[in-house]
1. Looking only at segment 398-431, how many residues end up being closer than 18 Å to GLU251 by Cβ, open to solvent by less than 40 Å² (accessible area, probe 1.4 Å) and not small (Gly, Ala, Ser)?
2. Taking only segment 242-272 into account, find how many residues are assigned to a loop (DSSP other than H, G, I, E, B), of a type outside the set (D, E, K, R) and either within 19 Å of ILE282 (Cα to Cα) or in contact with a Cys (Cβ under 7 Å, 6 or more places away or on another chain) (or both).
3. Check GLN124 against each of (1) of a type outside the set (Ser, Thr, Tyr); (2) closer than 17 Å to TYR43 by Cβ; (3) without any contact (Cβ under 8 Å) to a residue 12 or more places away in the chain and name the one condition it does not meet.
4. Taking segment 121-142, which residues are part of a loop (DSSP other than H, G, I, E, B), of a type outside the set (A, V, I, L, M, F, W, C), more than 26 Å from the chain's Cα centre (by Cα) and surrounded by 13 or more Cβ atoms within 10 Å (Cβ to Cβ)?
5. Tell me the residue from LYS331, LYS386 that is closer than 30 Å to ASN200 by Cβ, at pLDDT 95 or above and of a type in the set (Lys, Arg), please.
6. List the number of the failed condition for TRP153; all other conditions in (1) in contact (Cβ under 8 Å) with a residue 24 or more places away in the chain; (2) of a type in the set (Phe, Trp, Tyr); (3) open to solvent by 20 Å² or more (accessible area, probe 1.4 Å) hold.
7. Go through segment 295-334 and count every residue that is open to solvent by 70 Å² or more (accessible area, probe 1.4 Å) and under 18 Å from LYS416 (Cα atoms).
8. Mind telling me which of the residues ILE369, ILE383 ends up being within 30 Å of THR107 (Cα to Cα), in contact (Cβ under 8 Å) with a residue 24 or more places away in the chain and open to solvent by 40 Å² or more (accessible area, probe 1.4 Å)?
Amino acid sequence: MEKIVNELLKEELYYEKLENGLDVYFMPKKGFTKKYAVLATDYGSNDLEFIPIGESEPFRVHEGIAHFLEHKMFEQPDNTDAFEKFSQWGANANAFTNFTTTAYLFTTTDNFYECLEHLLDYVQTPHFTDENVEKEKGIIAQEIKMYDDDPGWTVALNALKAMYVNHPVKVDIAGTVDSIYKITKEELYKCYNTFYNPGNMALFVIGDLDQNELFEKIKLANKYNMAKMDHEITRIYPDEPTTVNQKEIIEKAPISIPIFNIGFKDDKVGIKGKELLRYEVITDILNEMLFRRGSEIYEDLYMKGLINRNFGAGFTSQVDYAFTIISGESKQPKEVKKTIFEYLEKYKREGLDRNTFERLKKAGIGGFIKYFDSITFIANNFIFYKFKDINLLDYVEVMKEVTFEEVEDRLKNHFKEENCVISIVEPIENK
């Protein structure tokens with residue numbers, strides 16, 4: 001067992017790779033009443049083509065299958081629902097699928113080890129039949145239709161469709177009604193057997209627990225005594241150009257005011273680990289300088305009545321794609337975009353404010369340290385970063401190292417007209 005100590009955060013992290021390949025992490029939190037565990041696999045909706053375990057030819061799955069598989073994991077061979085036991089032990093359990101990760105989690109104050117063993121057990125007990133797969137299709141179809149009616153989801157997905165030509169990040173995580181009705185139990189087992197193995201998964205536990213007892217309990221859990229699976233997963237992604245797919249997408253919906261996403265597609269991809277983390281931190285600081293409430297851009301747009309308080313920006317980075325999204329509500333979204341570019345060009349000519357950079361950098365470090373009072377924040381973000389070869393505990397160190405010059409350079413290279421798109425959802429006009 002390896003012990004990692006971060007003096008600045010005053011946190012300890014215990015790590016061990018089990019014989020079967022599972023990465024296990026534990027962060028002790030003395031005095032905390034709640035305990036949290038998340039078991040995740042490096043597998044999400046983007047993984048639409050791969051070579052299945054035991055096969056040699058590429059296999060293309062139907063869109064939405066990773067999310068479908070997450071739903072089906074709760075149905076057990078005895079026809080019970082995995083959530084039922086968590087409820088009996090007083091625990092709150094959940095699961096989620098995003099573009100790159102599927103995770104199963106619970107939080108509890110009591111009966112932690114019973115819940116942990118159950119988590120490890122049910123995630124390693126797939127039960128797919130023709131009947132239960134068909135039954136699930138109707139449930140997920142309703143979920144998809146609900147999101148289709150959500151203008152906030154529509155404007156965000158259309159921004160991805162505008163930015164990306166081929167990459168599966170442009171595909172809805174849940175798929176389409178048509179695609180999920182084509183999913184079979186055989187297809188589900190191919191995905192499960194390829195991606196749901198200990199060598200492609202990680203377990204993170206946080207709470208007031210003894211590390212020696214915890215690791216011993218995990219090793220004794222029946223399903224994790226299985227033999228190590230050594231196969232390398234071959235994922236196949238289409239080539240993605242640096243250019244955008246289309247400059248704008250406009251749809252209509254029954255809303256009272258237009259909503260928009262202005263997207264900037266990043267052309268620097270293929271990096272991971274600390275290099276990717278540094279790139280993310282630089283961009284986060286830049287976005288905070290430019291678009292936070294109180295910034296010059298924000299105040300000008302707000303005083304002109306072009307935006308309201310629902311305005312902000314965020315950067316998303318993965319190994320093979322990255323983008324900034326500026327979102328908000330406006331009766332004149334194209335005028336918002338025009339004004340933003342006027343300021344961007346001004347800052348490129350005249351430079352950013354160094355004092356603002358230093359102030360926001362210090363505030364960012366302080367804010368991040370404060371987040372370590374939340375076990376949910378720590379657990380979920382640790383898993384997100386782990387699959388990008390990043391240790392969450394390195395965040396503050398990297399933030400301290402970032403320079404003003406790096407942020408100014410990022411401004412010039414990231415915010416360009418040629419890699420910018422706009423997605424708008426407008427109100428339906430009354431006739």
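The values are calculated or read from the model by the stated rules, or taken from the named source; none is laboratory data. Quantities reported herein were computed from a predicted structural model and do not represent experimental measurements. For neighbour counting, all protein chains shown are included, and Cβ atoms are generated from backbone atoms with ideal geometry for every residue, glycine included. Note: accessible area is taken over every heavy atom of the protein model, side chains too, but ligands, DNA and RNA are not part of it. Shrake-Rupley method; radii C 1.70, N 1.55, O 1.52, S 1.80 Å.
1. Of the residues in that region, 5 qualify.
2. 3
3. Looking at each condition in turn, GLN124 falls short on (3).
4. HIS127
5. LYS386
6. All conditions are met except number (1).
7. 1
8. Details: ILE383 fails: open to solvent by 40 Å² or more (accessible area, probe 1.4 Å).
Going through ILE369, ILE383 in turn, the sole match is ILE369.
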